[in-house]
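Working notes, beginning with the structure itself.
The values are calculated or read from the model by the stated rules, or taken from the named source; none is laboratory data. Keep in mind that what you see is a predicted model, and the values were worked out from it rather than measured. Reconstructed Cβ throughout: ideal geometry from the backbone, glycine too, with neighbour counts over all protein chains shown. Ligands, DNA and RNA are stripped out before the accessible areas are found, and what is left, the full protein with its side chains, is counted by its heavy atoms. Shrake-Rupley method; radii C 1.70, N 1.55, O 1.52, S 1.80 Å.
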Amino acid sequence: MTSQSAATLRSRYVAQASSDLEENHRRQQELAEQLKMLKQEEALLTDIITLAKQYEGFADASRLPEQVHEEPVAEKAKRAPAKAASRRSPSAKVTAKGKSHQPLLGDLLADLLGQYGEPRLAKELRDELLEKHPDRNPTPQVVRNTLESLVAKGRIRRHKQQRSVMYTLA
């Protein structure tokens, strides 16, 4: 084997290893994002279970959340732990009776996607959401997580074009 052929072979190995390393980093990032979403989902499910256990003894549905405590909602909010409050969206406005009157973010995003025949970027959907619903201000990550949740449920489809991820209604 000549020194020139050895150098050529070595450069091929280096190029392949570099390509494999780049792919490995991309996959690690993808998995880290999926893990983050799963941890958020875990926190939400834990909250749901906690609430369900808190109200499991109530047979009369008319006495559920809004009438269980005689304490005003504002007082409850002051005593709520900061950790639990940080997981909730600031846009989830709740009335005095404890009922949310805003549509879910996923429903709003699906409605926006339904208006277009072509795939849309998460950034475009967020911008349009902010324009049409100024009272809602989800972060770009929350919008992406919500869209990925809709993909997992089969309500929308994900399309990858080079490094861009786009979404359409299923």
Report summary line: Selection over region 25-49 where residues are surrounded by 11 or more Cβ atoms within 10 Å (Cβ to Cβ) and over 25 Å from LEU150 (Cβ atoms) yields a count of 0
Report task. Return only the number of the condition from (1) part of a helix (DSSP H, G or I); (2) at pLDDT below 75 that SER89 does not satisfy. Result -> (1)
Query raised in the report: Restricting attention to region 125-136, which residues are in a helix (DSSP H, G or I), touching a helix residue (DSSP H, G or I) at 6+ places or on another chain (Cβ under 9 Å) and open to solvent by less than 90 Å² (accessible area, probe 1.4 Å)?
Result: LEU125, ARG126, GLU128, LEU129
Report task. Please specify each residue of region 153-170 satisfying the condition of being without any contact (Cβ under 8 Å) to a residue 40 or more places away in the chain and open to solvent by less than 90 Å² (accessible area, probe 1.4 Å). Result -> GLY154, ALA170
Requested in this report: Report, ordered by the first and then the second residue, all pairs with beta carbons closer than 9 Å, sequence separation of six or more or different chains, a first member in region 23-41 that is within 24 Å of LYS153 (Cβ to Cβ), and a second member that is outside any helix (DSSP H, G or I) and hydroxyl-bearing (Ser, Thr, Tyr).
Outcome: none
Report summary line: Filtering region 142-166 for residues that are assigned to a strand (DSSP E or B) and hydrophobic (A, V, I, L, M, F, W, C) leaves a count of 3
